[in-house]
Every structure is written in C-alpha cells, then in structure tokens.
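The values are calculated or read from the model by the stated rules, or taken from the named source; none is laboratory data. What you see is a predicted model, and the numbers here were worked out from it, not measured in a lab. Methodologically, a virtual Cβ is constructed for each residue, glycine included, from the backbone with ideal geometry; neighbour enumeration extends over all protein chains shown.
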Amino acid sequence: MKIPVKPTFSFADLRQVLINLLLMTIGGVICALAVNGVIIPHDFAAGAITGLAVISNELFPPLDIGLIYFLINVPLFLGAYMAVGRRFFIYSLAGTVIFSLALALVKVDLAVENDILAAMFAGILMGLGAGVTLRSQGSAGGADILSVMLMKRFSIPLGTTLLALNVVVLSLAAVVFSLDSALYTLIQIYVAAKLVNLVVTGLSQRKAVMIISKHWPEINREILRDLRRGTTVIPARGGYSGSEENMLYAVVNFREIGELKAMIRNIDPDAFVVVTDTMEVMNYRIGNQPHW
C-alpha cells in the first residue's frame with residue numbers, strides 16, 4: 001500500500017506568493033512614481049539607497065537609475081540571507097528587481113509646482129510604497145534590508161533606521177544639488193519615515209493595559225469571555241496602604257481598547273487603569289510583528 005505524499009507546495013502557498021508579489025509590485029510602482037514623477041524633476045534626493053542612486057544618476061547621466069539601484073543592492077543581500085532568512089532574501093531579491101524595473105519603466109511627471117508640497121507629496125508616496133512592500137514577506141532592497149535586520153535583532157522601528165541612514169544622503173545632496181534641495185529632501189524623508197511606521201505597524205498597533213481594581217475577578221472574566229483575550233494576574237502591594245492587591249495585565253488591539261475601557265467603567269468606575277503603546281508583540285494570536 002502506497003502512503004500518499006503530502007504536496008510540498010499547496011494552493012495556499014501559491015496564493016501567499018502571489019499576494020507578496022502583488023504587494024511588492026504595487027509598492028515598487030508607487031515608489032517609482034515618487035522618484036521619477038516628483039523627486040528627479042525637482043532635483044531632490046531620495047532616502048538612503050534610492051537617494052544614492054538618484055545622486056549617482058545626476059553625476060553619471062548615461063547610467064540608468066534602475067541599474068544603479070540594483071547594483072548598489074547586490075552586497076546587501078548576503079546580510080539579508082544570513083540575518084533574516086532565506087525567504088526574506090528571495091522575496092527581497094524579487095522586490096529589488098521589481099523596483100528596479102519600475103524605476104526604469106514608470107516615468108510620469110506628476111507636475112507638482114510648489115517645492116514644499118512636492119517634498120511632502122514625495123514623502124507620502126515613498127513612505128506608502130515602502131510600507132506596502134514591507135507588508136509582504138520581503139522588501140524592495142536597499143535600506144529596507146538593513147531596517148528589517150535591525151528591527152529583528154534590536155526592535156529598532158523601521159522609520160527610525162531609515163531616518164538615521166539619510167544623514168549621509170542629505171550631506172551628498174547638499175553638495176551635488178544644493179542646500180535647499182537637501183532641506184526639501186529632509187522633509188520628504190521625515191514624512192516617508194512616519195508613513196512607513198504607520199503602514200507597517202501603526203495600523204496593527206497593540207495596547208498594553210494594566211488594571212488595579214477590587215473587582216478584578218469580574219473584569220478578568222469579562223475580558224476572557226467577551227474580548228477573548230488572555231490576561232495575567234500579577235500579585236501587587238499598595239505602596240501607601242500596604243494592602244495586598246491583584247493587578248490584571250492584558251494586551252489588546254487598537255479597536256478593542258474602547259470596548260475594554262467601557263467594560264471596566266461599568267464594573268468599577270474607581271478602577272486604576274494604565275494604557276500604554278507597544279512597539280511590537282510576539283504571539284500567534286495577538287502578535288503584530290511582521291512575518292519576514
């Protein structure tokens with residue numbers, strides 16, 4: 001009797017691959033629109049590796065900007081393979097090819113006249129495009145690879161790394177273009193960094209909640225039953241009264257925080273509640289860490 005062999009690549013796997021490629025294509029096209037439609041016409045530099053490609057294209061016009069971007073990325077892929085994993089490496093390679101092709105093919109002048117508005121618009125497009133790409137299981141290469149590695153190892157937000165890497169680009173932009181161009185680029189980079197954080201983690205923000213109440217058993221029961229979120233009961237002692245207390249600790253998503261606060265007020269209006277933001281949460285049910 002032959003034992004049926006389980007297929008190694010299922011329809012669900014194919015669907016996920018297609019979704020990832022679609023996200024990277026959409027993100028790459030949006031970023032290419034920002035570069036070719038706003039950044040280059042206004043003599044801005046872009047952020048990080050894209051900025052280096054734009055500056056290199058200004059210094060050596062015969063070289064295509066897409067080719068320059070691809071060549072700069074080649075040394076970074078070894079780091080992606082070793083630090084993040086083979087899947088991220090493969091998808092990032094695909095994302096880099098897609099973005100390089102988009103840079104070479106998508107050439108539309110978006111005709112924004114005002115430089116400040118152009119810088120803000122370019123930042124919105126770059127941040128949105130990079131964020132959409134990073135919502136996949138890969139990246140568009142360049143600084144995104146380093147950003148993901150630092151986030152995986154040290155929990156440094158993606159936008160923070162991108163912002164820090166741009167100091168060199170801004171300095172080069174001031175020399176190659178002008179100081180005004182560098183300052184406009186700074187606006188674009190800042191807006192892009194904020195949009196990246198918002199698109200990748202902001203929309204799935206988790207809230208940590210600490211609750212101290214004499215009615216903690218009822219509150220705990222409501223959280224478990226209605227919100228279907230896990231809780232932790234932490235023994236505590238009042239600093240002034242010295243009395244024994246129990247503190248509830250729970251993590252909920254952004255949409256559930258209003259319902260949780262209303263629930264607590266109904267049970268104990270005098271409850272002491274602290275709600276804090278989280279950078280990232282790792283868990284199969286409530287986690288919000290991107291699956292690179």
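Every residue in the stretch 89-117 that is more than 25 Å from the chain's Cα centre (by Cα), outside any helix (DSSP H, G or I) and under 15 Å from Leu33 (Cβ atoms), please.
Matches in the stretch 89-117: Lys107, Val108, Asp109, Leu110, Ala111, Val112.
Counting only residues that are within 14 Å of Lys207 (Cβ to Cβ) and surrounded by fewer than 13 Cβ atoms within 10 Å (Cβ to Cβ), which one in the stretch 260-277 is modelled with the highest pLDDT?
So the residue we want is Val274.
What's the number of the only condition in (1) surrounded by fewer than 24 Cβ atoms within 10 Å (Cβ to Cβ); (2) among the aromatic types (Phe, Trp, Tyr); (3) more than 25 Å from Phe77 (Cβ to Cβ) that Tyr184 fails to meet?
Every listed condition holds for Tyr184 apart from (1).
Looking only at the stretch 208-252, which residues are without any contact (Cβ under 8 Å) to a residue 24 or more places away in the chain, surrounded by fewer than 18 Cβ atoms within 10 Å (Cβ to Cβ) and in a strand (DSSP E or B)? Write out each step before concluding.
Within the stretch 208-252, the first condition is being without any contact (Cβ under 8 Å) to a residue 24 or more places away in the chain, and the residues that meet it are 217, 221, 224-225, 228, 231-235, 237-244.
Next, only the ones that are surrounded by fewer than 18 Cβ atoms within 10 Å (Cβ to Cβ) stay: 217, 221, 224-225, 228, 232-235, 237-244.
Correct list: Thr232, Val233, Ile234, Pro235, Arg237, Glu244.
Is the stretch 95-114 home to any residue that is touching an Asp or Glu at 6+ places or on another chain (Cβ under 7 Å) and surrounded by fewer than 21 Cβ atoms within 10 Å (Cβ to Cβ)? Break it down into steps so the answer makes sense when it comes.
Quick first cut of the stretch 95-114, residues touching an Asp or Glu at 6+ places or on another chain (Cβ under 7 Å) only: 104.
Still in the list and also surrounded by fewer than 21 Cβ atoms within 10 Å (Cβ to Cβ): 104.
Yes, some residue in the stretch 95-114 is touching an Asp or Glu at 6+ places or on another chain (Cβ under 7 Å) and surrounded by fewer than 21 Cβ atoms within 10 Å (Cβ to Cβ).
What tally of residues in the stretch 28-55 results from selecting those that are of a type in the set (S, T, N, Q) and either surrounded by 24 or more Cβ atoms within 10 Å (Cβ to Cβ) or outside any helix (DSSP H, G or I) (or both)?
So the count comes out to 1.
Which of the following residues is buried (at least 22 other Cβ atoms within 10 Å of the Cβ), assigned by TED's automatic domain parsing to the domain that holds Arg86 and outside any helix (DSSP H, G or I): Ser147, Ser139? Steps first, answer last, please.
On the way: Ser147 fails: outside any helix (DSSP H, G or I).
Testing whether each residue is buried (at least 22 other Cβ atoms within 10 Å of the Cβ), assigned by TED's automatic domain parsing to the domain that holds Arg86 and outside any helix (DSSP H, G or I) leaves just Ser139.
Can you name every residue in the stretch 108-160 that is over 19 Å from Thr278 (Cβ atoms), in contact with a Lys or Arg (Cβ under 9 Å, 6 or more places away or on another chain) and small (Gly, Ala, Ser)?
Gly123, Gly127, Gly138
Out of the residues in the stretch 152-203 that are outside any helix (DSSP H, G or I) and of a type in the set (Val, Ile, Thr), which is modelled with the lowest pLDDT?
If we take residues in the stretch 152-203 being outside any helix (DSSP H, G or I) and of a type in the set (Val, Ile, Thr), then Thr201 is modelled with the lowest pLDDT.
For the stretch 61-82, which positions are hydrophobic (A, V, I, L, M, F, W, C) and closer than 18 Å to Phe44 by Cβ?
If the condition is that a residue be hydrophobic (A, V, I, L, M, F, W, C) and closer than 18 Å to Phe44 by Cβ, then Ile65, Ile68 are the ones that fit.
Of all the residues that make up the stretch 58-88, how many are assigned to a loop (DSSP other than H, G, I, E, B) and hydrophobic (A, V, I, L, M, F, W, C)?
4
I'm trying to understand the selection: among the residues of the stretch 162-177, which are within 22 Å of Ser139 (Cβ to Cβ) and loosely packed, with under 15 Cβ neighbours inside 10 Å?
Correct list: Val167, Val168.
Look through Phe99, Phe60 and report the one residue that is of a type in the set (A, V, I, L, M, F, W, C) and either farther than 19 Å from Leu170 by Cα or in contact (Cβ under 8 Å) with a residue 12 or more places away in the chain (or both).
Phe99
Assess whether Phe154 counts as being under 17 Å from the mean Cα position of the chain (by Cα), farther than 22 Å from Gly95 by Cα and hydrophobic (A, V, I, L, M, F, W, C).
yes
Suppose we filter Phe88, Phe77 for residues that are surrounded by 22 or more Cβ atoms within 10 Å (Cβ to Cβ), aromatic (Phe, Trp, Tyr) and at pLDDT below 90; which single one remains?
On inspection, the qualifying residue turns out to be Phe88.
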